[in-house]
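What follows is a single structure, written as structure tokens, with notes after it.
The values are calculated or read from the model by the stated rules, or taken from the named source; none is laboratory data. Model, not experiment: these values are computed from the prediction. Backbone-built Cβ (ideal geometry, glycine too); neighbour counts: all protein chains shown.
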Amino acid sequence: MSDLLATLYPWNKAIHIMAVITWMAGIFYLPRLFVYHAEQAETGDPRDQVFRIMEYKLFRYIMNPSMVVVWVFGLALVFTPGIVDWGMVWPWTKAASVLAMTWFHYWLGLRLKDFAAGNNTLSGRNYRMMNEVPTILMIVIVLSVVVKF
């Protein structure tokens, strides 16, 4: 199995990076949609329905599959011999940040359900502030993997 993972390493890495880009695009865009939804649409008006459709499709058809691919191919990279030295700090900071990003993804899913039920209680400002979370996590992840501190 380890020989297969080593052989497939460049493919696993490429697919992982493409999935990360797609997932991050959604993670950055969905909170921005929530900002506009919270500030510009009342429950039941036509804009509310448009926002709900956009948010649902982004989450369900782009973000969820991307997150799964990130995890599957990321774990394949982790199990590839010689790639991760768990004696260093960087794999732990990356792992913690990826777990936090996954939590953020599920938090967005809960907010999506709030909007769908007409129960959103957060303001556009709240969503703007939460939109900084993935930026900070992305910085930690990239620095961890590239600098390998």
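Taking the criterion of being of a type in the set (Ser, Thr, Tyr) and under 30 Å from Leu77 (Cα atoms), the residues of segment 20-55 that qualify are Thr22, Tyr29.
What about Val84, is it in a helix (DSSP H, G or I) and surrounded by 12 or more Cβ atoms within 10 Å (Cβ to Cβ)?
no
Among all positions in segment 77-85, there is at least one residue which is over 19 Å from the mean Cα position of the chain (by Cα) and among the small types (Gly, Ala, Ser). Considering segment 94-134 alone, what residues qualify as being surrounded by fewer than 16 Cβ atoms within 10 Å (Cβ to Cβ), part of a helix (DSSP H, G or I) and of a type outside the set (Gly, Ala, Ser)? Within segment 94-134, Leu99, Thr102, Trp103, Tyr106, Trp107, Leu110, Lys113, Asp114, Arg125, Arg128, Met129, Glu132 meet the criteria. Pairs under 9 Å by beta carbon, first residue under 20 Å from Ile21 (Cβ atoms) and at pLDDT below 95 in segment 98-112, partner of a type in the set (Ser, Thr, Tyr) and crowded, with 16+ Cβ neighbours inside 10 Å, six or more apart or different chains? Final answer for the pair search is none.
Applying the criterion of being surrounded by fewer than 16 Cβ atoms within 10 Å (Cβ to Cβ), in a helix (DSSP H, G or I) and among the hydroxyl-bearing types (Ser, Thr, Tyr) to the residues of segment 30-73, the residue that is farthest from the chain's Cα centre (by Cα) is Tyr36.
Which residues, counting only those in segment 94-144, are within 17 Å of the chain's Cα centre (by Cα) and β-branched (Val, Ile, Thr)? Across segment 94-144, the qualifying residues are Val98, Thr102, Val133, Thr135, Ile136, Ile139, Val140, Ile141, Val142.
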